[in-house]
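Remarks on the structure that follows.
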Amino acid sequence: MDKPIAQAQREAKNKPFDLGPFIARLNELMEKHNESYREAGMSAGLDHQAIRRILSGQRPAMVNCILLADHYGVNPNEFLELAGWPTLKVFDVRGLETDRLPPEAVDVALALSRVPDPGVRKQLATAVITLLQKHFE
């Protein structure tokens, strides 16, 4: 059985983590959306200094990760994981059954799932999607 979220959160607070990948992903999304720190924070429903605090090395609260993910349209578990927080089952997306997918699609999904860094995994998935979009043009 999984740990209760409160216990997992308390344990995560005491574990060392590297905020670098979170900051890199956040910078990537702000650049993609052409947003300043202030615009990004306010648009996500955070205070106007929230992004500055994150970029200076302060771990964002779990709710801030969820709000930022919602603002940028990414799975909140990506930001939670990058910030060293436990992921939440409510954000797990497992709607497709692998027996309904072609074997090649399952192979691609499984290969992507083995990439440990969520930012790199997202970039690779985006590259595959871009190739598929070009194919169908």
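Which peptide among 61-70, 40-49, 126-135 comes first, and what is the full order, when sorted by highest mean count of other Cβ atoms within 10 Å?
On the way: 61-70: 19.2, 40-49: 16.6, 126-135: 9.7.
Per-residue mean Cβ counts within 10 Å order the peptides as 61-70, 40-49, 126-135.
For the stretch 20-68, what number results from the quotient of the Cα radius of gyration and 2.2 N^0.38 Å? Don't skip to the end; give the middle numbers.
Working: Rg = 9.5 Å, N = 49, 2.2 N^0.38 = 9.7 Å.
Here the answer is 0.99, to two decimals.
Would you mind checking the stretch 65-87 for residues with the amide N under 13 Å from a putative spin-label position 7 Å along Cα→C-beta of Arg53?
Residues 65 qualify, since their backbone N sits under 13 Å from the label point.
Farthest toward the dipole's positive end in the chain, which of Val108, Gln9, His135, given Cβ charges of +1 (Lys, Arg) and -1 (Asp, Glu) about the Cα centre?
Result: Gln9.
May I ask you to give the percent of accessible area on the stretch 64-137 that is carbon plus sulfur, with a probe radius of 1.4 Å? Don't skip to the answer; put the middle values down first.
Details: 3080 of 5110 Å².
Result for the stretch 64-137: 60 percent of the exposed heavy-atom area is carbon or sulfur.
Using Cα centres only, tell me the gap between the stretch 1-16 and the stretch 41-86 in whole Å.
If we compute the Cα centre of each part, the gap is 18 Å.
Report, in deg cm²/dmol and to the nearest 500, the calculated mean residue ellipticity at 222 nm for the chain, where each DSSP H run with n ≥ 4 adds -39500 (n - 2.57) and the sum is divided by the residue count.
Here the helix-only value at 222 nm equals -18500 deg cm²/dmol.
Quick check: net charge around Pro76, other residues with Cβ under 14 Å of its Cβ, Lys/Arg +1 and Asp/Glu -1?
On the way: positive: Arg25, Lys89, Lys122; negative: Asp70, Glu78, Glu81, Asp92.
Every neighbour counted, the sum reads -1.
Quick one: among Glu81, Glu28, Glu104, which has the greatest mean-square fluctuation in a GNM of the chain with alpha-carbon springs under 10 angstrom?
Of Glu81, Glu28, Glu104, the Gaussian network model singles out Glu104 as fluctuating most.
Give me Rg over Rh for the chain, both radii from the alpha carbons and Rh done the Kirkwood way, two decimal places.
1.00
Let me check I've understood the local charge: for Thr126, count other residues with C-beta under 15 angstrom from its C-beta, Lys and Arg +1, Asp and Glu -1. What total comes out?
Around Thr126, the charge tally is +1.
The values are calculated or read from the model by the stated rules, or taken from the named source; none is laboratory data. Predicted, not measured: the structure shown is a model, and the values here were computed from it. No Cβ is skipped: glycine too gets one built from the backbone with ideal geometry, and neighbour counts run over all protein chains shown. When the accessible area is computed, the model is the full protein with side chains, heavy atoms only, and any ligands, DNA or RNA have been set aside. Shrake-Rupley method; radii C 1.70, N 1.55, O 1.52, S 1.80 Å.
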